[in-house]
1. Please verify whether the range 84-103 includes one or more residues that are of a type outside the set (A, V, I, L, M, F, W, C) and under 30 Å from residue 6 (Cβ atoms).
2. For the range 1-24, which residues satisfy the criterion of being under 15 Å from residue 48 (Cα atoms) and loosely packed, with under 13 Cβ neighbours inside 10 Å?
3. Just one of the numbered conditions (1) without any contact (Cβ under 8 Å) to a residue 12 or more places away in the chain; (2) surrounded by 14 or more Cβ atoms within 10 Å (Cβ to Cβ) is not true of residue 30; which one?
4. Anything in the range 25-54 that is farther than 22 Å from residue 65 by Cα and within 16 Å of the chain's Cα centre (by Cα)? List them, or say none.
5. Select from the range 33-55 the residues that are touching a residue at least 24 places away in the same chain (Cβ under 8 Å) and among the β-branched types (Val, Ile, Thr) and write down the one among them that is farthest from residue 3 (Cα to Cα).
Amino acid sequence: MSDFIARRLKQARTKACISQEEASKQLGISERRIRKIEADQSDISADEIIEFAKLYKVDVRELLLEEYADTGEEQILCNRYISLLRLYDQLSDRDKEDVIWVIKQRINGYI
């Protein structure tokens, strides 16, 4: 693992207001292991990075790519929307209708 990934994991965790203890419980790994990962003293698998990204609600690219992390917050948000739209385009027409329905319900405060 790199020092960059270790720093980004710690930054993402603190930005998400999640303690090492909470992260360890959510991820099913020891708090000691999280400390070691964030100190760049332990390797981490791709699957684990994905789980960290899900927990911290960040794009995996933010944890792995320096050029992506150096991008402004606005560009990161734009990249997330682009990724979302690509996924949306892959849905069937029926699934797209369902997504629109859920969004409308959310906007109206029903869900």
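1. The answer is yes; a qualifying residue exists.
2. 2
3. (2)
4. 26, 27, listed by residue number.
5. 49
Taken together, the values in this text are just the output of simple stated rules run on the coordinates, not laboratory data. Everything numeric here is computed off the predicted structure, so don't read it as measured data. Note: ideal-geometry Cβ built from the backbone for every residue, glycine included; neighbour counts use all protein chains shown.
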